[in-house]
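Step one of this worksheet: look at the structure below.
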Amino acid sequence: MKKFCKYLTLILIILTLSACGEKKVLSTSEVLDELYDKGFTVIDVTSQMEDKNITHVSSANNGNYQVEYYVFTSEEKAKKAYESNKEAFENNKTKGKEKNGKTYQKYTQKLSDTYNILVTTDNILIYSSVNIEYKNDLNRLIKDLGY
């Protein structure tokens, strides 16, 4: 099981912050190791996906909130998913904040009781919608993962 989880790590999250607004893709094992070190339980839920444009999905949960990590067949498919989720978030008429770097996009939205975040780079998308009380924790996690 541990070996299986480490393998999933290779497919989980990415990115490292660098100067000039670029993100360097981390290996999935590096990302999963970071999540495990932070007390998350990571589960491969790829088999539950019907979308053939998604090659891997992991769900990481620490008991307070969940972060989803998607690997798409292409960068274009990941960006389309980013835009689709962003549009769904904004259906409540509340605009969020967007940051566009050379190699990534990051969208955050704060509502009265919910905080939403999307990050995409290369063919990866990270998604989370949490209770507002976990906003700072989630932002720290995303920063620790290099976003």
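Each residue of the stretch 49-63 is assigned a 3J(HN,Hα), and the resulting list reads 8, 9, 6, 6, 7, 10, 9, 7, 9, 10, 10, 10, 10, 10, x Hz, derived from the Karplus form 6.51 cos²θ - 1.76 cosθ + 1.60 (θ = phi - 60°), x at Gly and Pro.
Thr94 to Asn62: FRET efficiency via 1/(1 + (r/R0)^6), r the Cβ-Cβ distance, R0 25 Å, to the nearest 0.05?
0.45
The phi-based Karplus calculation (6.51 cos²θ - 1.76 cosθ + 1.60; θ = phi - 60°) puts the 3J(HN,Hα) values of the stretch 137-147 at 4, 5, 4, 5, 4, 4, 5, 4, 7, x, 9 Hz, whole numbers, x for Gly and Pro.
Residue-wise HN-Hα couplings along the stretch 34-43, as the Karplus relation 6.51 cos²θ - 1.76 cosθ + 1.60 with θ = phi - 60° gives them from phi, are 5, 5, 4, 4, 8, x, 7, 9, 10, 10 Hz; Gly and Pro carry x. Separation of the alpha carbons by more than 19 angstrom is noted, of Lys79/Lys99; Lys102/Lys135; Lys93/Lys143; Lys110/Lys143; Lys38/Lys77; Lys95/Lys143, for Lys102/Lys135; Lys93/Lys143; Lys38/Lys77; Lys95/Lys143. Cross-link partners of Lys106 among aspartates and glutamates, defined as those whose alpha carbon lies under 17 angstrom from its own and excluding same-chain residues fewer than eight positions apart: Glu22, Glu68, Glu75, Glu76, Glu83, Glu87, Glu90, Glu98, Asp122, Asp137, Asp144. Tyr82 sits among other residues whose Cβ lies under 11 Å from its own Cβ, and their net charge, with Lys and Arg +1 and Asp and Glu -1, is 0.
Any read-out appearing in this document is the output of simple, stated calculations on the displayed coordinates, not a laboratory observation. Keep in mind that what you see is a predicted model, and the values were worked out from it rather than measured. Glycine also receives a Cβ, built like all others from the backbone with ideal geometry; neighbour counts cover every protein chain displayed.
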